Each structure stands twice: as C-alpha cells, then as structure tokens.
Amino acid sequence: IRDRSKDELKDVCKNVRVFARVSPENKVMIVKAFQALGNICAMTGDGVNDAPSLKAADIGIAMGITGTDVAKGAADMVLTDDNFASIEKAVEEGRGIYSNIRKTVFFLLGSNIAEVFAMFLLICIGLPAPLIAIHLLWVNLITDSLPAIALGMQPKDPNCMNEKPRNPKEGIFAHGGIGLTVGYGAVITVAVLLAYFSCGWLNGAYSFAEIKSLYSANPDILHQAQTMAFTTLAFCELFHMVGMSNVKRSFVHVFKDKNLMMLVAFVAGIVLQLFVVETPGVSAVFSTFNLSGIEWLITACLSILPLLIHELIVFITWIKNKRSTD
C-alpha cells in the first residue's frame, strides 16, 4: 500500500475488500482512498493505532467495552455494546429519522404555500380573502400540527437500507424536494380557489366581476364561500398527509405500516373540522355556515385532489420502472 500512488490505491479499493497487516498510516491512506471514490467512510477501532484513521473517517466508531481512551477520544461515536450489528441498526434508524424530517418539512411548507398563494392571488384580483384570521389559526393548530406529528412518527421504510448513502453536502430539498413542495402547494391552492369560486357558480355568478359583486353584496354567500375554502384547505392537508407518508408508494401501504398516529390525526382532523362547521354556536365563532349536500360533495371531491395527484405520480413512476426493467 505504501508504495502505491493515490490513483493506484483508489483502483485497488474498487475491487479489494480485505486488507491485512496494515499500519496506522496505511489505514489512513485506505480511508482517504475510499473517500476519494465518493464513498461515505466509517471506521471502527479500539486501539491507539486506530486513532488517526478514526479521525480521518467520515464517522469514527470506537469500541466502548474494549476500546482505549485514545480511540474513544478520536472517534465520533462510541459503540457501548461492541456489537457491529448495532452500527447497522443505528444507520437504519438515522435514515428513518431523516426521511421523516423531510416528509414533515415538505408537508408543512407545501400546506403553508397553499395558504399564502390562495390569499395572495384573490386579494391581487380584488376579491375578498378566502380565509379569515381564525381560519388560518385553526388550520395551523389542528390540520398542520397533528399531521406533522403523525409524519414524524411514521415507521421507517423497510427498504431504506437498500438506498445509497446520502451526500452530506446536499440539502434537505435535494432530489426534487423543491418541486415536490411547490407542486403540492400549487395543487392545494387550486383546490381552495375552486372551492371558493364554486360557491359563486352555484349562485349564478360565473365571471370574476359577477362573483366579486355577489360576494360584496351578500355577506352570507361570502361566508359560505369562505367556509368551503376553509374546509377544503383543512381536508386537503389531511389527504396530503396520507400521500406524503411515502411519496414512492401508493397510499394503501400507509394502513399496512400500522402508524396509529396517522389514523388518529386523520380522523381527529375530519371530526374537528365538521365540529367547527356544523355545530351551532361554534360555527358563529369561526364565521362558518352549514354547507348543503352539493357543497359538501364539491368540497370532498376537491379535498382528495392532492392524494389523487400522488397516486397518479406513483402509477406513472411504476410504469416507467417496469418498462426500464423489461
């Protein structure tokens, strides 16, 4: 090893899996060769002579029982049970945690983008806001918080260890994260706007001018439109949560993962939203009106739009993968 150049050692590391009788200096060279090949390198050790390579690796792992104090001091992590299987479990757990963090961030940002876009677009064209302050507060407290907690508690993907290590230099929005966030934010925005305008369409107003005149002249119809937009936004976020649980697989797998918090968040969100819309007294506080059957039907159809888009993307991806393997 000592007589080889860096390029020669990199070629050796591409094919060789076992190195014997290596010096502390050789260990450092091997670690750097693997890193030069673009690999994330972990080094385990217990002796004083392992300290330089433990320090050079991306993550140094010292033995907690048999390891020396020098090795423990140089390492990034100490393995308390000296069991190599614990390393694999730790990597698996870390990947699951990181994946759940990404899901939660994408969900929250996508939902909040929808709120901002819907408010901004309607105000810009001179129409009354689709949501009032208490609606936004309710959505942020209930239909944002509970789904975010559920996504954070999502069981780790059983196939997560089949994925390549993540580049530590890449951001959380790598691999399509921005498109995913903005895309679903736009889908929810469209659903909210359609719910808001559909109330005007049901009352015979079809153009922007007619809807603006109708909503300005009749506060009850405006509140009806705001109730539809508010309810659609709340339900959209719940269905968006179900889709975000696994962006690569159909939502039917959500129920197989046995994430009780996901079910609790979904059912509680539906029940609480029905409570603030249909309960006398409470609806007055939230400035909501009881919705008719056709209005509930429109709201339900629009609310499921994020999940339908998710299923369509999963299906298209499955077709592409199947064709590439055939």
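Quick notes
- Within straight-line cross-link reach of residue 164, lysines at Cα separation under 22 Å, skipping those fewer than 8 residues along the same chain: 10, 14, 32, 89, 103, 156, 248, 320, 322
- Nearest-0.05 FRET efficiency for residue 290 and residue 178, computed from C-beta distance (R0 30 Å): 0.15
- Integer Hz, Karplus 6.51/-1.76/1.60 couplings in order for region 126-136, x for Gly and Pro: x, 8, x, 4, x, 9, 9, 4, 5, 5, 4
- When the chain is treated as a Gaussian network with alpha carbon springs shorter than 10 Å, the biggest mean-square fluctuation among 211, 316, 221 belongs to 316.
- The residues packed around residue 201, meaning those with a beta-carbon under 12 Å from its beta-carbon, carry a net charge of -2 if Lys and Arg are +1 and Asp and Glu are -1.
- Eigen-decomposition of the gyration tensor built on the alpha-carbon atoms of the chain gives equivalent ellipsoid semi-axes of 55, 20, 17 angstrom, largest listed first.
- Taken one residue at a time, the phi angles of region 9-21 give Karplus couplings (6.51, -1.76, 1.60, θ = phi - 60°) of 5, 5, 5, 5, 5, 5, 10, 7, 10, 10, 10, 10, 6 Hz. Gly and Pro are set to x.
- Degrees, to the nearest 10: 84-124 long Cα axis against longest axis of the chain: 30 degrees
- MRE, 222 nm, helices only [DSSP H, n ≥ 4, -39500 (n - 2.57), over the chain, to nearest 500]: -20500 deg cm²/dmol
- Cα centroid of region 280-323 to Cα centroid of region 145-167, whole Å: 24 Å
- Under 5 Å between amide hydrogens, built in the peptide plane, is the criterion, and for residue 44 it picks out 61 among residues at least 5 positions away or on other chains.
- Pairwise Cα inverse-distance average, inverted: Kirkwood Rh of region 85-233 (Å): 17.6 Å
- Calculated log₁₀ intensity ratio I(q)/I(0) where the Debye formula runs over C-alpha points of region 1-127, q = 0.09, 0.10, 0.16, 0.23 Å⁻¹: -0.43, -0.49, -0.86, -1.26
- Candidates 17, 166, 249: whichever shows maximal mean-square fluctuation once the chain is modelled as a Gaussian network with Cα springs under 10 Å: 17
- Loop-resident chymotrypsin sites (Phe, Trp or Tyr not before Pro) (DSSP state other than H, G, I, E or B) in region 118-216 with no more than 14 further Cβ atoms inside 10 Å of their Cβ: 206.
- In Hz, Karplus ³J(HN,Hα) per residue of region 231-236 (6.51, -1.76, 1.60; θ = phi - 60°; x = Gly, Pro): 5, 4, 4, 4, 5, 4
- Mean-position separation - Cα centroids, region 63-95 and region 1-56, in angstrom: 19 Å
- Within the same chain, aspartates and glutamates fewer than 8 places from residue 72 are excluded, and of the rest, those with a Cα less than 16 Å from its Cα are 46, 50, 58, 81, 82.
- Farthest towards the positive end of the charge dipole of the chain, among the residues 307, 204, 235, is the Cα of 307, using unit charges on the Cβ of Lys, Arg, Asp and Glu.
- Degrees, to the nearest 10: 24-36 long Cα axis against longest axis of the chain: 30 degrees
Values in this text are rule-based calculations from the coordinates and carry no lab data. Being a predicted model, the structure only gives us computed values, none of them experimental. Every residue, glycine as well, gets a Cβ built from its backbone with ideal geometry; the counts of neighbours run over all protein chains shown.
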